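Taking it in order: structure first as structure tokens, then the write-up.
The values are calculated or read from the model by the stated rules, or taken from the named source; none is laboratory data. No experiment lies behind these values; they were computed from the predicted model shown. Positions of Cβ are backbone-derived with ideal geometry, glycine not excepted, and every protein chain shown enters the neighbour counts.
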Amino acid sequence: MENLVDELLREFWLFQRIGSIGTAALVMLVCGVAVLNFFGLIGGLLTFFERKLAGWTNSRRGPNRVGPYGLVQFVADGLKLVLKEDIIPAAADRSYFKFAPYLVLLGTTLSFVVIPFGPTLIISDLNVGVFYLLATGSFTVVGLIMAGWASNNKWSLLGGMRSAAQIISYEIPNALAILLVVLMSGTMSMQGIIRAQAGGMHHWFLFSSPFSFLAFCIYFISAVAEINRIPFDIPEAESELVAGYNIEYSGMRFGAFFAAEFGNIYVVSAVAVTCFFGGWQLPMLGETEDLGRVGAAVGRFLAGPAVLMLVMIAAAPCAFLAWKASRAFIWDMRRKRPLFPSRFVRLNSELLFLAFVFASMALFLALHLPLRSRLPVIYTLIFVYLLPFLAFFAKAMLISFVILWWRWTLPRLRVDQLMGVCWRYLIPIGFVCLVGQGVWLCLFG
Amino acid sequence: MKVPEGIRKYFQNIYESVTTIAVGMWITFKTAFFERKVTIQYPSHDVMEGRPKEAALPSHTSLNPTFEPLLGASQKYRGPLNPRVADRYRGLLGYDEPKCISCLLCEQACPIGVITVKGVKIEGRKTKAPVTFIIDYAKCMFCGLCVEVCPTDAIFFTRQFEGATYDCRNLIREFIGGELRRERLKLAEEARKKAAEDRKEKEDEGRSL
């Protein structure tokens, strides 16, 4: 972000007129809005995926009524939460009660400051990035315990206390695992950590030594515990505490807790990706320059006769499907049903969707034709900027999927088991890994 | 070398937790991605095998015409369950007018007073003919006493369950209406007049005697 501000000030007179502080404020605003929107979108999508996965693991279908495949369900849910009455218990501590959800939300959104989206896409590449992440994660504890206390409800308080005990305990193995990453990369900056893993998949910290693999396991388990997900969700154990710390919350205040929970899933996955899965590096391509070279090659290829061929290949199934689908829409007025009641009637929405996909592919490819001479440059840019973002996102989604998957697989741990896992297993193993990794680096590094 | 019990148990614990978690995850993965879904997506899945043909239901198949387009049931269910409504399902009460002898047994059997029956005497018919048959579905608790007691099976259970409506009054259903009712009443009036005339004649005869 600092670079961007400098550049804007240098290049554009408009920004020079606003001055450095104004430009910085503007850039901050834009970044904040962009990241908060990303946060909302990703949180919403994760709730959708979770419900879908919940359905599938129960042999149900999951939400499939709002929008195509139920994808817009989370918007409906969010709207419902916004419109719900906001109830504050009479005996609650009103100011704390109102403030707590925002503190929880803050803990999540602040983390997005150092989460990279691509080689240059990051709000601020702090040189203490990982440390900052660990620090902002603790906001959540304050928020949860505040919510538990202010609700003036025994279940809430118990949930808040449990979450405090749990999160503070699990921060130790979490930090130990990340310390190992810092040891390997020699930097705490998120981008620095990713750059230290350049050069293909075997350089990713996950695979580079047995100790770092163990460290990933420790990180993953303790991260799941830190965001209060099953199997470590005793703060909101519904069979014991009804709903834990958020029992008295309703409407958008509850929505804030909910959004924070799902935003946290992405944050945790993004940190795991950064620290162990090579961040935005693609599995096979090592350096950014390689990406650029591949992009230029693809652009040169497409600038040839390939585009025309691809357009035709994409357009043919599109036309066929559109024809098939249209048959289902010829309506028999008298009998009030489609004239051709084949199984295409049942499939027509899917067919139309497929036709739409192919049509947009064809259109996208057709757009290449007038840009022929610039294609190598354009594809270089796409490969350098877009592919790393997609790679990062895909990896983060994969890890989020495992977190969701755990939720629908594992039973909840008892409190003493939970503490046992942390203090008797994760922490000692974490220390062993740290020392082992040091030795490993001395021997092979 | 003998490994101390505690240490052995420690590592065994780790091993067991990892393997059991893996087994569990495999099971949920299998269920989630390779098993048939059981959901019966009711309004779009057919649960009646075509909308009910029970002609005995009052005028509309569905009590609330608002739902009619939704109940098209275009998709066939492909899961492992049986989506059909059971044959002996106690749905809304149906009524077969030609069979009814207006004996009032159902009206008297009903513990709530759901049914209102009124019959009239008509010439050339041995039993009474019904002119009013009203069922208030809003009150009905589907106990089946009326169905059991009916000697001619004129009142019976259908499989129709789609009774939802926005207005409670829609649930009061009159089964005999319009033309039939008017005709019956006319016939009954004639029969009554004739009977009165007969009686009068008899009385006259009596007086003359």
Qualifying positions in segment A:210-237 - modelled with pLDDT of 85 or more and of a type in the set (Gly, Ala, Ser):
A:Ser212, A:Ala215, A:Ser222, A:Ala223, A:Ala225
Residue hits (segment A:23-40; of a type outside the set (Phe, Trp, Tyr) and surrounded by 13 or more Cβ atoms within 10 Å (Cβ to Cβ)) are A:Thr23, A:Ala24, A:Ala25, A:Leu26, A:Val27, A:Met28, A:Cys31, A:Gly32, A:Ala34, A:Val35, A:Leu36, A:Gly40
If we only count helices (runs of 4 or more DSSP H) wholly inside segment A:345-445, which ones have 2 or more residues that are buried (at least 16 other Cβ atoms within 10 Å of the Cβ), within 14 Å of chain B (Cβ to nearest Cβ) and in contact (Cβ under 8 Å) with a residue 24 or more places away in the chain?
A:387-407, A:427-444
Here is a check on your reading of the model: is B:Phe156 among the aromatic types (Phe, Trp, Tyr) and either at pLDDT 85 or above or part of a loop (DSSP other than H, G, I, E, B) (or both)?
yes
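Considering only residues that are of a type in the set (Ser, Thr, Tyr) and buried (at least 20 other Cβ atoms within 10 Å of the Cβ), which ones fall in segment A:161-188?
If the condition is that a residue be of a type in the set (Ser, Thr, Tyr) and buried (at least 20 other Cβ atoms within 10 Å of the Cβ), then A:Ser163, A:Ser169, A:Tyr170 are the ones that fit.
Scan segment A:370-381 and give yes if some residue there is farther than 30 Å from B:Asn13 by Cα, in the same structural domain as A:Gln191 (by TED's automatic domain parsing) and not hydroxyl-bearing (Ser, Thr, Tyr), otherwise no. Even if it seems obvious, please write down each step before you answer.
Of the residues in segment A:370-381, the ones farther than 30 Å from B:Asn13 by Cα are A:370-381.
Among the residues that remain, those that are also in the same structural domain as A:Gln191 (by TED's automatic domain parsing) are: none.
There is no residue in segment A:370-381 that is farther than 30 Å from B:Asn13 by Cα, in the same structural domain as A:Gln191 (by TED's automatic domain parsing) and not hydroxyl-bearing (Ser, Thr, Tyr).
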Within the group B:Arg78, B:Arg84, B:Arg88, B:Arg125, which residue is at negative phi and within 14 Å of chain A (Cβ to nearest Cβ)?
B:Arg78
Under 9 Å between Cβ atoms, at least 6 apart or on separate chains: pull out the pairs that start in segment A:149-164 with a residue that is modelled with pLDDT of 85 or more and end on any residue that is assigned to a loop (DSSP other than H, G, I, E, B) and basic (Lys, Arg).
none
Please work out which residue is modelled with the highest pLDDT, limiting yourself to segment B:27-41 and to residues that are surrounded by fewer than 14 Cβ atoms within 10 Å (Cβ to Cβ) and either more than 9 Å from chain A (Cβ to nearest Cβ) or touching a strand residue (DSSP E or B) at 6+ places or on another chain (Cβ under 6 Å) (or both).
B:Lys30
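Taking the residues in segment A:4-26 that are of a type in the set (Val, Ile, Thr) and touching a Phe, Trp or Tyr at 6+ places or on another chain (Cβ under 9 Å) as candidates, determine which candidate is nearest to A:Phe117 (Cα to Cα). Please lay out each step first, then the result.
Applying the first criterion (of a type in the set (Val, Ile, Thr)) to segment A:4-26 yields A:5, A:18, A:21, A:23.
Still in the running and touching a Phe, Trp or Tyr at 6+ places or on another chain (Cβ under 9 Å): A:5, A:23.
Numbers: A:Val5: 18, A:Thr23: 22 Å.
Ranking the candidates gives A:Val5 first.
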Sole miss for A:Phe262 among (1) at pLDDT 85 or above; (2) of a type in the set (Phe, Trp, Tyr); (3) assigned to a loop (DSSP other than H, G, I, E, B) is condition (3)
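Please go through segment B:167-209 and pick out each residue that is within 30 Å of B:Ile155 (Cβ to Cβ) and surrounded by fewer than 11 Cβ atoms within 10 Å (Cβ to Cβ). It would help to see each step written out before you state the result.
So in segment B:167-209, the residues within 30 Å of B:Ile155 (Cβ to Cβ) come out as B:167-192, B:195.
Listed by number, the residues that qualify are B:Asp167, B:Arg169, B:Gly178, B:Glu179.
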Subset of segment A:70-86, residues within 11 Å of A:Phe48 (Cα to Cα) and buried (at least 17 other Cβ atoms within 10 Å of the Cβ), comes to A:Gly70, A:Gln73, A:Phe74, A:Asp77
Any idea which of (1) outside any helix (DSSP H, G or I); (2) of a type outside the set (Phe, Trp, Tyr); (3) not assigned by TED's automatic domain parsing to the domain that holds A:Phe139 is the one A:Val294 doesn't satisfy?
(1)
A:Ala259: more than 30 Å from A:Ser373 (Cβ to Cβ), under 22 Å from the mean Cα position of the chain (by Cα) and assigned by TED's automatic domain parsing to the domain that holds A:Leu206, yes or no?
yes
